[in-house]
Amino acid sequence: MIDRRFTQTQHRFASDDLETMSEAHRYQAHVFDLFRAYIGKRVLEVGAGIGTMSRSLLDVAEHVVGIEPNQACATRALAALGDHPRFELRVCHLEECDRASLVAERFDTIACVNVLEHIEDD
């Protein structure tokens, strides 16, 4: 068996899996409801995937910045949310982001759903 947890950003299968999971509407709603009450106005979503959770975050937040290193996922997220005026996507790993730029955003919430298992040194 191949452990793809730490190389997933290099493969298209991640976006295909997320597309399949996006159809699990009750699961997605349940996960979102677990932390909905804690979401502020300015949200950083680490691991935006194809934008499934981003869409829900935009229902309650004023501004959402997603970070997604997988190009296939990012392409799907931008197709779904790229025109949304309160959404921005950065295609990179969190460690590659300009720290000063992130600090300047003054996020009050950082969301990280089904992501930590893919970060080698979390």
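The values are calculated or read from the model by the stated rules, or taken from the named source; none is laboratory data. Please read these numbers as outputs of a predicted model, since none were measured by experiment. Cβ sites come from the backbone with ideal geometry, for glycine too, and all protein chains shown count toward neighbours. When the accessible area is computed, the model is the full protein with side chains, heavy atoms only, and any ligands, DNA or RNA have been set aside. Shrake-Rupley method; radii C 1.70, N 1.55, O 1.52, S 1.80 Å.
What do you reckon, is Arg55 open to solvent by 30 Å² or more (accessible area, probe 1.4 Å), in contact with a helix residue (DSSP H, G or I) (Cβ under 7 Å, 6 or more places away or on another chain) and either within 26 Å of Phe107 (Cα to Cα) or at pLDDT 95 or above (or both)?
Working: open to solvent by 30 Å² or more (accessible area, probe 1.4 Å): yes; in contact with a helix residue (DSSP H, G or I) (Cβ under 7 Å, 6 or more places away or on another chain): yes; either within 26 Å of Phe107 (Cα to Cα) or at pLDDT 95 or above (or both): yes.
Yes, satisfied.
Count of the range 58-69 residues, restricted to those that are modelled with pLDDT under 95 and surrounded by fewer than 22 Cβ atoms within 10 Å (Cβ to Cβ), is 1. Among residues that are over 24 Å from Phe35 (Cα atoms) and free of Cβ contacts under 8 Å to residues at least 12 places away in the same chain, Asp59 is not included. Number of residues in the range 79-92 that are more than 13 Å from Gly47 (Cα to Cα) and buried (at least 19 other Cβ atoms within 10 Å of the Cβ): the value is 2.
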